[in-house]
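Reading through the structure tokens given below for one structure.
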Amino acid sequence: MRPLAGFLLLLGGATAGLYLLSARLPGEPRAGSGSLKFPSDLEELQELAEFLRYYNREHHAYVLLLFCSAYLYKQCFAIPGSSFLNILGGALFGPWMGLLLCSVLSSVGATCCYGLSNAFGKKIVVYYFPEKVAMLQKKVEENRNSLFFFLLFLRVFPMTPNWFLNLTSPILNIPVSQFFLSVFIGLLPYNFVCVQTGSILSQVTSLDAIFSWSTLFKMLAIAMAALIPGTFIKQFGQKHLSVDKSNQNVHLLNGKKRS
């Protein structure tokens, strides 16, 4: 019970801190800012991005603090939905600053999740997901000599959701340094697509602009750039890693990329 109580205490403190940050905005925010929350669909994301872009003009440091806190909160406690925050990061901070920020935050947040699982969640994860943990343990041991590249492979072509990999990594005895770097590098293509999409959509002012040659060319370039590293990692995995291809195909077709 002590690990659970400690985890709930941390969760409650982090939730309260994030609520205070979002509820007590400095200055004189315009109407509608009192209901800041995590977006659950594209319409809510658009409304949130519009307000934060407006507020960012005079309170850039506070918006940066709020964004970082919200991102780390989701990552630390394995809450799905980072794609919306990546898109928001692109809309608020631009394509390259947004990419760097989201990549660092996703790595730091995932590492914090690793630490929380190591301190409080090992027994709980093994109790509720014994078969999945055993499957991952087997794959990790089979690829122990190429562990870092195996971790990269799992991030780009997930056999299991990213949040679950974050939780089980301390159980699998994955070194935290390799874990951090694999998250940073392995999620770059995913973060790149989301951040670039947010940056482009933030500049679109009409429906016609979405189908302009300039916008379509940018979207095509994003897709090509995201495919290149994935192709190299996949080829390396087929030659040097022990991966269950049937399981890999099922997850690629039916699973969703989540961090």
Over the range 1-145, what lengths in whole Å, largest first, do the semi-axes of the equivalent ellipsoid take, defined as the square roots of 5 times the eigenvalues of the alpha-carbon gyration tensor? 33, 19, 13
Expected output is a single nm value to one decimal: the length gained when fully extending between E50 and V176, i.e. 0.36 nm times separation in residues minus the C-alpha distance. What is it? 41.6 nm
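Using a 10 Å cut-off on Cβ atoms, rank the peptides 44-50, 13-19 from the highest mean neighbour count down.
On the way: 44-50: 17.0, 13-19: 12.7.
The most tightly packed comes first, giving 44-50, 13-19.
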Once phi is turned into ³J(HN,Hα) by the Karplus curve 6.51 cos²θ - 1.76 cosθ + 1.60 with θ = phi - 60°, what whole-Hz value does each residue of the range 104-117 show in order, with x for glycine and proline? 5, 5, 5, 6, 5, x, 5, 5, 5, 4, 4, x, 5, 5
FRET efficiency for L65 and S146, Cβ-Cβ distance as r, R0 = 45 Å, nearest 0.05? 0.70
Pairwise label distance in nanometres, I79 with A14, each label 7 Å out on the Cα-Cβ vector: 0.9
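Coordinate-derived values only; no laboratory data. On a predicted model such as this, the values are computed, not experimentally measured, just so you know. So basically every Cβ, Gly included, is an ideal-geometry build from the backbone, and we count neighbours across all protein chains shown.
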